[in-house]
Structures are given as C-alpha cells and as structure tokens.
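> One structure is given below, represented as structure tokens, and several questions about it will come after.
The values are calculated or read from the model by the stated rules, or taken from the named source; none is laboratory data. This one's a predicted model, so the numbers in the text were calculated from it and none came from an experiment. Counting neighbours? That spans all protein chains shown, and the Cβs are built from the backbone with ideal geometry, glycine included. Accessible surface is based on the protein model in full, side chains and every heavy atom, while ligands, DNA and RNA are left aside. Shrake-Rupley method; radii C 1.70, N 1.55, O 1.52, S 1.80 Å.
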Amino acid sequence: MTNKHFHAGELRLQNHAGMRAKIDVMTQHLMRDFIPDQHREFFEELEYIFLGTVDQRGLAHASIVTGSVGFASSPDPKTLIVRTGPRQDIRAFDALDIGQPVGVLGLDLSNRRRNRMPYFCTYRSSRTRMMIAISMD
C-alpha cells in the first residue's frame, strides 16, 4: 500500500529504518483513495489552500492559492476543483501539467485543523484564469 502514497526516497527510508511493515499497517487506516465528506466540506470552507508541485526540471514549488469561500469544491469523493480568478505568477500552477502529482494542504489557522491529500492534475485552464480539477485516481 505504501507504494501508492510515498515516493521512492520515502520508501527507501522506511526500509532502512525497518518501519515499512508498520507504516503499511498505519496507512491502511489513515490514507484513503477517496475524500471523506467531512474533508470535502472542510476544503469548501477555506479561503486559501497550499499547492505543492514539481516542475520539469525537478524543482519543487509551493504556493498559497486564495479565493472566496467555495473557490475549492469537491463535487464527488474523488475530485477537488480549485478555481482562481486572474492569476499572477502562481508558481505551483506554472509547474502543473495534466497527469502530474500535486500535493494539496488545507489549513484553518483559527483552530489548526489541517488536511493533506495527494492528487493528480486532470484539467488545467488558460494562462489568465485558472481552474484545475484534481483527482485521486
């Protein structure tokens, strides 16, 4: 199961530390292949989310994407849609292509609630306005 949730470097570290089997058991309970309803509602209530991507040169980019409540929405348990208005140099978007992995972090600073999800980009709009659909499949 960990192959789906961790990159090669993390897997090597887990093996080196002798923790691979224990992490396999933990991920069965902590990592899902769908977005639970409470997490879908959480993302829809946020005014900002963090996106992490890797560009074609292998450089990592993290960006804060902001919008009105509801700019991130989840129409079904496998999809998160992020809409922005006219954008200005959002590095994570510049590095994002269809099929690429993207890390999404929702964080509510008022109560420290957070939710991290690994996704793949399935849609990307024009350079002046941005909507991406991010799927777990």
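> If Q88 satisfies every condition in (1) modelled with pLDDT under 90; (2) part of a strand (DSSP E or B); (3) surrounded by fewer than 18 Cβ atoms within 10 Å (Cβ to Cβ) but one, which is the exception?
Only one criterion in (1) modelled with pLDDT under 90; (2) part of a strand (DSSP E or B); (3) surrounded by fewer than 18 Cβ atoms within 10 Å (Cβ to Cβ) is unmet by Q88, namely (2).
> Report, by residue number, each residue of segment 50-68 that is crowded, with 18+ Cβ neighbours inside 10 Å and out of contact with any helix residue (DSSP H, G or I) (no Cβ under 7 Å at 6 or more places or on another chain).
Matches in segment 50-68: V65 only.
> What are the residues in segment 1-22 that are at pLDDT 85 or above and not basic (K, R), if any?
Within segment 1-22, L11, L13, Q14, N15, H16, A17, G18, M19, A21 meet the criteria.
> Filter segment 35-44 for residues that are surrounded by fewer than 15 Cβ atoms within 10 Å (Cβ to Cβ), part of a helix (DSSP H, G or I) and touching a residue at least 40 places away in the same chain (Cβ under 8 Å) and give the result.
Within segment 35-44, just D37 meets the criteria.
> Next question, about the same structure. From the residues in segment 23-60 that are of a type in the set (V, I, T) and closer than 22 Å to S74 by Cα, which one is modelled with the lowest pLDDT?
Filtering segment 23-60 for residues that are of a type in the set (V, I, T) and closer than 22 Å to S74 by Cα, the one modelled with the lowest pLDDT comes out as T53.
> Out of segment 96-137, which residues are open to solvent by 90 Å² or more (accessible area, probe 1.4 Å), outside any strand (DSSP E or B) and at pLDDT below 80?
I98, R127, T128, D137
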